[in-house]
Every structure is written in structure tokens, then in C-alpha cells.
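Here the structure is laid out as C-alpha cells; the discussion comes afterwards.
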Amino acid sequence: MRIGFGFDSHEFRPGLPLKIGGVVIPHEAGLAGHSDGDILLHALTDALLGAVAAGDIGGYFPPSDPKWQGADSALFVREALKQVARAGYAVANVDSTLILAAPKIGPHAKKIQASVAKLLGIAPSAVGVKAKTPEGLGLAHAALAQVAVLLVESKKPRRRQR
Ligand SMILES: [Zn+2]
């Protein structure tokens, strides 16, 4: 078994689409920064890579590379899943916490859960999506995500180095 943890944050900017967990959420501002600014998928990518000690998202997809500007972050998760499979593991479950002042995540949580589950090829019941407001942190201008993953040894036959 392996455990992985990821963190990400981006700043709100008016006029951008807000994407969290691959779901577009109606809001007057979106998240600026790396690719489409999807904090949940970025933290998930880092959690997956971290679980198999395969580096971090910036190493595979440098934010300085214009190639990744506006890119769909599902791409990053898929690369991380490749690394997980290569190491001989599969995702057992994921838990996440989103920290943002607005919009409310509750009404979108089920959709986010389904989207992340589909991306990972696991059941929605294996994807935790929690949200809270950044009480006392003065972070109304930003959104943060924390993700933990548990990996189990893959049942698929693979060549082992012995
Ligand atoms: Zn990010």
C-alpha cells in the first residue's frame, strides 16, 4: 500500500471559467495560473505522483511552458495514473478538501465526485469531496485544495523485477 498527499492553490481572476475536479462551476471568477487552474486535479496529480515517489506536477508539466496554458488538467491526472500503473499500483480511494470562500461547493459536490471517479476509473463512493471556507485566513481571493490518495498493489499481471 502507498499513501500520497497533494496540495494546490490558485488566485481568483474575474472572467475566467471556474473548473474544479473537471467540472465547470458557474461563478463570476475563475482560477488563474497553471493550465485551466483546476486546483483539485493539480493536487490529485501531485498526490498520485507522490504516492509512488515519481516527482511532482511541475516536473512533468512546467508552468513556464506556454504549451500548458489553458490545458485540460485531466491530462496531468492521466500522466500521473500512468506513473502509478508503471510502479505496480492502482488507486483504492481518494479524499479531498477544497478551501474557498465562494462559490458554495455543496451543490456541485456530487458532480465533482463523479467527474474525479470517472477520471480515476474508481467508484464515486471511493472519492471524498469536502469543502470549507477559509475562516480567519484572509484567503477570499484564492482557492486551495488538499488531496490524499491510497494506492494498493495492482491486480493486473505485470513484469516484476526480482
Ligand atoms: Zn495548480
For the Cα atoms of the chain, what angle does the longest principal axis make with the long axis of helix 39-51, in degrees from 0 to 90, nearest 10?
20
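I want to verify the translational diffusion coefficient of the chain in µm²/s; compute it with Stokes-Einstein, Rh as the Kirkwood radius over Cα pairs, at 20 °C and 1.002 mPa s. Before the final figure, lay out each step's value.
Working: Rh = 15.9 Å.
The estimated diffusion coefficient comes to 135 µm²/s.
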Over the alpha carbons of region 95-152, what is the largest minus smallest coordinate on each principal axis, giving the biggest first in Å?
37, 24, 14
Simple SL model, points at 7 angstrom along Cα→Cβ for K155 and V24; separation in nm is 3.7
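Which entries of K132/K155; K82/K111; K82/K104; K19/K67 have Cα-Cα distances beyond 30 Å here? Don't jump to the answer; show the numbers that get you there.
Numbers: K132/K155 36 Å; K82/K111 24 Å; K82/K104 33 Å; K19/K67 19 Å.
From K132/K155; K82/K111; K82/K104; K19/K67, over 30 Å: K132/K155; K82/K104.
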For the pair Y60 and K118, how long in nm is the line joining their label points, each one 7 Å along Cα→Cβ?
2.0
GNM, the chain, Cα, under 10 Å: largest mean-square fluctuation among G55, G121, G21?
G121
Helix 109-120: inclination vs the chain longest Cα principal axis, degrees, rounded to 10, gives 30
Could you tell me the distance between the Cα centroids of region 4-40 and region 58-105, to the nearest Å?
12
Could you check the spin-label model distance between A32 and M1? Points 7 Å from the Cα along Cα→Cβ, value in nm.
4.3
Compare the peptides 37-47, 4-14, 130-140 by average per-residue count of other Cβ atoms within 10 angstrom and give them in order, highest first.
37-47, 4-14, 130-140
Nonlocal amide H pairs with A29, under 5 Å, H built at 1.01 Å:
G15
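Where a number appears in this text, it was derived from the coordinates with a stated rule and is not lab data. Small disclaimer: the values here were computed from a predicted structure and weren't measured. Virtual Cβ from ideal backbone geometry, glycine too; neighbours counted across all protein chains shown.
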